[in-house]
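Since the structure comes first, as structure tokens, the remarks are kept for the end.
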Amino acid sequence: MKIILWRGLLYKSLEHCKIQKQDDGFNVESVIIGHYQHQVYKIDYLIRVNEDWSARGFEIRSEIEGVEAPIAGSKTGEDWLVNGTVRPDLRGLLYIDISLTPFTNSLPVNNLRLEVGQSQDIKVLYVDVLNNEIKAVSQRYLKKGKDLYLYENLAKNFSATIKVDEHGFVKDYPELFEEVARFEAK
């Protein structure tokens, strides 16, 4: 078990993320609290991850300004069911990206296993929690060094060089997130 505490710099948040190894992968449970653009929010999420770091399901319970909005997604074959409805636009996607956490960058970092200098374009299931939006988004990861990745959101023309630890978990995501503390059970 690993627990990581992240501070959201832009989203003025604090996240308590617990990663637990299971027989068939990992369960990731997290709580995020914060405020952004005059919105006070609390997000609880659970992501079920395969051993190869691809996502197989998620649950997000958000409360923004006192309004609750649950989202649940599960993968059956190539299809994603979101709140019980098949989403053809998400077919075949391996990763989930939740807007308020750096954890979800760990999925492609660990799954792609890039060598220094290699890059890969991917599509992810993107959940913009504060705007209640779910869509497919194109991204690129380029491994710049042993612990450095250039992340690019291709649709928004956004990029950042993120630093990860030896397990692919974000330590520093400039202007967005930074690790505050961690605990690892032996």
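The values are calculated or read from the model by the stated rules, or taken from the named source; none is laboratory data. The structure displayed is predicted, hence computed values, not measured ones. So basically every Cβ, Gly included, is an ideal-geometry build from the backbone, and we count neighbours across all protein chains shown. In case anyone asks, the SASA skips ligands and DNA or RNA and just uses the protein heavy atoms, side chains included. Shrake-Rupley method; radii C 1.70, N 1.55, O 1.52, S 1.80 Å.
Each residue in region 1-17 was checked for being open to solvent by 60 Å² or more (accessible area, probe 1.4 Å), assigned to a strand (DSSP E or B) and not hydrophobic (A, V, I, L, M, F, W, C), and 2 pass.
When each of 79, 165 is tested for being farther than 18 Å from residue 54 by Cα and in contact (Cβ under 8 Å) with a residue 12 or more places away in the chain, the lone residue that passes is 165. Taken over region 113-123, the residue count meeting the criterion of being assigned to a strand (DSSP E or B) and open to solvent by 30 Å² or more (accessible area, probe 1.4 Å) is 4.
One line per residue, one yes/no per condition, for (1) at negative phi; (2) open to solvent by less than 40 Å² (accessible area, probe 1.4 Å); (3) without any contact (Cβ under 8 Å) to a residue 60 or more places away in the chain:
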residue	(1), (2), (3)
85	yes, no, yes
111	yes, yes, yes
125	yes, yes, no
134	yes, yes, no
149	yes, yes, yes
157	no, no, yes
181	yes, no, no
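On inspection, residue 145 does not qualify as within 15 Å of the chain's Cα centre (by Cα) and open to solvent by less than 70 Å² (accessible area, probe 1.4 Å).
Of all residues in region 24-47, those being at pLDDT 95 or above, closer than 24 Å to residue 93 by Cα and open to solvent by 60 Å² or more (accessible area, probe 1.4 Å) number 1.
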